[in-house]
Amino acid sequence: MSDDQIKDILKNSKTIAMVGISSEKKGEDRKNLKRKPANVVMKYMQDFGYKVIPVNPFAEGEMINGEEVVGSLEKISEPIDIVDIFRPSKETPGIANEAVKIGSKVLWLQYGIQNKEAEKIAENSKIQYVSNKCIKQEYQRLFQKANPVFPVLKN
């Protein structure tokens, strides 16, 4: 996927469903939650005007970064532009099928995540497929001309 294609995706998208957002573990310091990669990325994308819906079946109903966590993509009632995945590569084909069902325009697998089957599912359904790239880093690189170091921790 070219820089221009990624720029187009980011420019023309407003709503991101983030699958694999981290929830608070019992007894865990809340500050740790802010430092988890998915949560850092969620907050960053919100700061730049995206609506980010956190998806985690084990945290359904919790609030993360001001948004209520949903248990699955199918429980989201509004149109989703990007399904952004922070889950192991082997889980991505199932998530890709859900993304197709809800009519997502883009399937985005975060840095370190790639899967041929998920890619085929996306291609067969005319969904754009991005893998092994961090949406936050791509945004910074393409729109802020910054060469980011991940994770950037802000308190």
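The values are calculated or read from the model by the stated rules, or taken from the named source; none is laboratory data. In this text, all values refer to a predicted model and were calculated from it rather than measured experimentally. All Cβ positions, even for glycine, are placed from backbone atoms using ideal geometry, and neighbour counts span all protein chains on display.
Here is a yes/no grid of residues against (1) part of a helix (DSSP H, G or I); (2) modelled with pLDDT of 95 or more; (3) in contact with a helix residue (DSSP H, G or I) (Cβ under 6 Å, 6 or more places away or on another chain):
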{"position": "41", "(1), (2), (3)": "yes, no, yes"}
{"position": "52", "(1), (2), (3)": "no, yes, yes"}
{"position": "58", "(1), (2), (3)": "no, no, no"}
{"position": "79", "(1), (2), (3)": "no, yes, no"}
{"position": "90", "(1), (2), (3)": "yes, yes, no"}
{"position": "95", "(1), (2), (3)": "yes, yes, no"}
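What pairs come up if the first residue lies in segment 92-119 and is closer than 18 Å to residue 37 by Cα, the second is surrounded by fewer than 19 Cβ atoms within 10 Å (Cβ to Cβ), and their beta carbons are under 7 Å apart, counting only those six or more places apart or on different chains?
Every condition considered, the pairs that remain are 109/132; 111/132; 111/133; 112/132; 113/89; 113/132; 114/89; 114/132.
Looking only at segment 74-98, which residues are aliphatic (A, V, I, L, M) and under 12 Å from the mean Cα position of the chain (by Cα)?
If the condition is that a residue be aliphatic (A, V, I, L, M) and under 12 Å from the mean Cα position of the chain (by Cα), then 80, 82, 83, 85, 95 are the ones that fit.
Looking only at segment 60-77, which residues are outside any loop (DSSP other than H, G, I, E, B) and not hydrophobic (A, V, I, L, M, F, W, C)?
67, 68, 74, 75, listed by residue number.
Please go through segment 79-91 and pick out each residue that is in contact (Cβ under 8 Å) with a residue 60 or more places away in the chain and more than 15 Å from residue 55 (Cα to Cα).
none
In segment 98-125, how many residues are of a type in the set (Ser, Thr, Tyr) and either closer than 17 Å to residue 72 by Cβ or modelled with pLDDT of 95 or more (or both)?
Residues flagged as of a type in the set (Ser, Thr, Tyr) and either closer than 17 Å to residue 72 by Cβ or modelled with pLDDT of 95 or more (or both) within segment 98-125 amount to 2.
Applying the selection to segment 8-27, what residues are surrounded by 12 or more Cβ atoms within 10 Å (Cβ to Cβ) and at pLDDT below 95?
If the condition is that a residue be surrounded by 12 or more Cβ atoms within 10 Å (Cβ to Cβ) and at pLDDT below 95, then 20, 21, 22, 23, 24 are the ones that fit.
Restricting attention to segment 69-78, report how many residues are surrounded by fewer than 15 Cβ atoms within 10 Å (Cβ to Cβ) and closer than 15 Å to residue 51 by Cα.
Adding up the residues that qualify gives 2.
Do we find a residue being surrounded by 17 or more Cβ atoms within 10 Å (Cβ to Cβ), of a type in the set (Phe, Trp, Tyr) and part of a helix (DSSP H, G or I) anywhere in segment 101-121?
Checking segment 101-121: not a single residue is surrounded by 17 or more Cβ atoms within 10 Å (Cβ to Cβ), of a type in the set (Phe, Trp, Tyr) and part of a helix (DSSP H, G or I).
Looking only at segment 105-125, which residues are hydroxyl-bearing (Ser, Thr, Tyr) and under 12 Å from the mean Cα position of the chain (by Cα)?
Within segment 105-125, 111 is the sole residue that qualifies.
When you scan segment 98-107, do you find a residue that is within 16 Å of residue 21 (Cα to Cα), basic (Lys, Arg) and in contact with a strand residue (DSSP E or B) (Cβ under 9 Å, 6 or more places away or on another chain), even just one?
Checked against the condition, which is being within 16 Å of residue 21 (Cα to Cα), basic (Lys, Arg) and in contact with a strand residue (DSSP E or B) (Cβ under 9 Å, 6 or more places away or on another chain), segment 98-107 yields no hits at all.
Just give me the residues in segment 122-137 being farther than 26 Å from residue 43 by Cα and in a helix (DSSP H, G or I), in sequence order.
Matches in segment 122-137: 122, 123, 124.
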